[in-house]
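Asker: Quick one: the structure is below, and I'll ask about it shortly.
Read-outs: derived from the displayed coordinates by stated rules, not from any lab. Treat the numbers as computed from the prediction; the structure is a model and nothing was measured. All Cβ positions, glycine included, derive from the backbone under ideal geometry; neighbour counts span all protein chains shown.
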Amino acid sequence: MAGYFKDLITGIKSLAIGMKITNKEFLTKPITLQYPHEALKMTPRYRGHIELLKNPETGSHTCISCGMCAKGCPSGCITVNSKKVPGVKGKVLTSYILNFTTCSLCGQCVENCKPAAINFSNEYNLASTRKEDFVFDLLQKLHPEGVPEPKVDPELLKKEAEKKAAAAKKAAEKKAAAEKAAAEKAAEKSGESEAEEKS
Ligand code: SF4
Ligand code: SF4
């Protein structure tokens, strides 16, 4: 009989402890998320694939197309394409291709970038069965609505046109001088052959 009551008290005690834990967890805010309807907020130090950063003042990137990120990348997964636009200082970025399939997230590109134009993104939700889906144009990603036209400086445009005209003039003068020298040489040669024939 004594054993029966002992078991009963132990059972009630155990039930009370269990109910205490259940009630505590019932009132605690759940830590699970209803993925994919809810997304996890990543920590600032999380390393997703790199991205071009937007300058809040200009609304565009600060990449100067120097290519130092591509040169420093041990996996060779960055391709920077740029062009010269009249009236715009330096080169204008036309595409920034990242092949994320071979990126090791080493951070060499971010360290090499002097203007701090790139950094790691918080993108963690990448999934696809196609390798091509992991090759991004970061410029397009930054401006999905369309890449804005670079700002042309009229003063620089004028200076460039003057420089181009001066270079064209110099080239024309050089060509004329070379043609003149060639003509004089030819005349001199024909004079020498005439003199030889007479003698
Ligand atoms: S994180 Fe490393 S591997 Fe990835 S793109 Fe940058 S330099 Fe290349
Ligand atoms: S991202 Fe930085 S290092 Fe790479 S090309 Fe642009 S400015 Fe140069």
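Asker: Are any residues in segment 1-56 over 30 Å from residue 140 (Cα atoms) and either touching an Asp or Glu at 6+ places or on another chain (Cβ under 8 Å) or of a type in the set (Lys, Arg) (or both), and if so, which ones?
Answerer: 6, 13, 20, 24, 29
Asker: Looking only at residues in segment 100-138 that are touching a Phe, Trp or Tyr at 6+ places or on another chain (Cβ under 6 Å) and of a type outside the set (A, V, I, L, M, F, W, C), which one is surrounded by the most Cβ atoms within 10 Å (Cβ to Cβ)?
Answerer: Keep residues of segment 100-138 that are touching a Phe, Trp or Tyr at 6+ places or on another chain (Cβ under 6 Å), which gives 100-101, 122, 134, 138.
Still in the list and also of a type outside the set (A, V, I, L, M, F, W, C): 101, 122.
On the way: 101: 12, 122: 17.
Filtering segment 100-138 for residues that are touching a Phe, Trp or Tyr at 6+ places or on another chain (Cβ under 6 Å) and of a type outside the set (A, V, I, L, M, F, W, C), the one surrounded by the most Cβ atoms within 10 Å (Cβ to Cβ) comes out as 122.
Asker: Can you pull out the residues in segment 1-49 that are surrounded by fewer than 10 Cβ atoms within 10 Å (Cβ to Cβ), within 19 Å of residue 125 (Cα to Cα) and among the charged types (D, E, K, R)?
Answerer: Residues satisfying the conditions are 38, 41, 45.
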